[in-house]
1. Failed condition for residue 18, given (1) more than 14 Å from the ligand (Cβ to nearest atom); (2) surrounded by fewer than 21 Cβ atoms within 10 Å (Cβ to Cβ); (3) under 15 Å from the mean Cα position of the chain (by Cα); (4) not small (Gly, Ala, Ser), with all others met?
2. Only one of (1) more than 21 Å from residue 104 (Cα to Cα); (2) in a loop (DSSP other than H, G, I, E, B) fails for residue 177. Which number is that?
3. When both residues are 6+ apart or on different chains and their Cβ atoms are under 9 Å apart, which pairs have a first residue that lies in segment 130-158 and is on the phi > 0 side of the Ramachandran plot, and a second that is more than 14 Å from the ligand (Cβ to nearest atom)?
4. Report the residue count in segment 130-172 for those that are outside any helix (DSSP H, G or I), within 16 Å of the chain's Cα centre (by Cα) and either away from the ligand (no atom under 16 Å from the Cβ) or within 23 Å of residue 23 (Cβ to Cβ) (or both).
5. Answer yes or no as to whether residue 88 is within 9 Å of the ligand (Cβ to nearest atom), in contact (Cβ under 8 Å) with a residue 40 or more places away in the chain and among the hydrophobic types (A, V, I, L, M, F, W, C).
Amino acid sequence: MSPPRPTELAHLILRGIIHEGDLLIDATTGNGHDTVFLAELAGERGRVLAFDIQDHAIQSARSRVETAGFSDRVDFHLKSHAEMAGHAEPGTVAAVMFNLGYLPGEDHQLTTEEYETLAALTTATTLLKPGGILSVVCYPGHDAGMIEAAAVESWASTRTAEGWRVAKYAMLGTLRPAPFLILLSKP
Ligand SMILES: C[S@@+](CC[C@H](N)C(=O)[O-])C[C@H]1O[C@@H](n2cnc3c(N)ncnc32)[C@H](O)[C@@H]1O
């Protein structure tokens, strides 16, 4: 097997820790690829909360989830992930996925933003249960993404002081700064 891309590695890791019946969050649902992935792992007894600020993205994700046959497992929220606290009890979520940036081929202005991302990540840490995983794919290949990626990496590094296990994974030898995956495991 060749080294996986960060998005693929996120799936490989999450596959190992998510169980049927889990409560899961897709914080940036986009076209719904991660939402379908999470809904499959959540199983019939599980639930996925999916957030995006773009109506267009929610519609696209909803259609992908319907085609996969998982509509009854996913709650879509047309709102910022910074508002996820109102939708799950603290300490109840098994995994939260962030895939930052903008939708490929769409308006680059509709991108995740540093301060809102950090606020949402902090909220996600409270919603996760012990042993839960926070997965964040960062895109430093464009200007705003580089600032956001650096802020996320710095934020994640400081979680180690609270006992979190934190890791970073990136491809090497790319022309532009490569996307990278940050994984945090809650103590
Ligand atoms: C790289 S795309 C996500 C791709 C998606 N995971 C998939 O599988 O197709 C990033 C998404 O984050 C969304 N987004 C930007 N700011 C957001 C926010 N504050 N809250 C929730 N979603 C946001 C964008 O609208 C965009 O759809």
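Read-outs throughout are calculated quantities, based only on the coordinates presented, and are distinct from any laboratory measurement. As the structure is a computational prediction, the values presented were derived from the model and not from experiment. Note that each Cβ is placed from the backbone with ideal geometry, even for glycine, and that neighbours are counted across all protein chains shown.
1. Only one criterion in (1) more than 14 Å from the ligand (Cβ to nearest atom); (2) surrounded by fewer than 21 Cβ atoms within 10 Å (Cβ to Cβ); (3) under 15 Å from the mean Cα position of the chain (by Cα); (4) not small (Gly, Ala, Ser) is unmet by residue 18, namely (2).
2. That leaves (1) as the condition not met.
3. Listed by first residue and then by second, the contacts come to 131/17; 131/94; 131/185; 131/186; 131/187.
4. Qualifying residue count, segment 130-172: 10.
5. No, not satisfied.
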